[in-house]
Amino acid sequence: MKKKTKKIAVLGVLTAVALVLSYLEAILPPIYAAVPGVKVGLPNVVVILILYRFGVKEAAMVSFMRVFVVALLFGNAMTLAYSIAGAVLSLILMMIFKKLDWFS
């Protein structure tokens, strides 16, 4: 029971870190102004950490929780739709790269 509680607490803290990174990313100027919505992907660093430390299920859960909360706080329905699409694509690529052992 204690191990599960610790896991939930760590995932909660990492979700909060991902939210802060999302906020920082939102206030940064756009990288490529010709395509609106393109971002660096700072919160994905946290998702990669969770993917390696806990697994795919937890990484997906934190990624979608972050996308949903950020869309509620800073966006609208279209922001949510584009963000979910980006989160799914980045998570799929992270899983492929992990399987190919491209990360260490």
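Just a few scattered comments:
- Within region 42-60, being surrounded by fewer than 15 Cβ atoms within 10 Å (Cβ to Cβ) and farther than 18 Å from Ile96 by Cβ holds for one residue alone: Arg53.
- Within region 1-40, the set of residues being of a type outside the set (Val, Ile, Thr) and within 15 Å of Ala59 (Cα to Cα) comprises Lys7, Ala9, Leu11, Gly12, Leu14, Ala16, Ala18, Leu19.
- Criterion applied to Lys39, Lys99 was being surrounded by fewer than 12 Cβ atoms within 10 Å (Cβ to Cβ), at negative phi and either under 16 Å from the mean Cα position of the chain (by Cα) or basic (Lys, Arg) (or both), and the one residue passing it is Lys99.
- So Ile84, is it hydrophobic (A, V, I, L, M, F, W, C), at pLDDT 95 or above and under 26 Å from Lys99 (Cα atoms): no
- The residues listed here are Val70, Val88, Val47; of these, the one that is under 12 Å from the mean Cα position of the chain (by Cα) and over 28 Å from Lys6 (Cβ atoms) is Val88.
The values are calculated or read from the model by the stated rules, or taken from the named source; none is laboratory data. Predicted model only: the values in this text are computed from it and were never measured. All Cβ positions, even for glycine, are placed from backbone atoms using ideal geometry, and neighbour counts span all protein chains on display.
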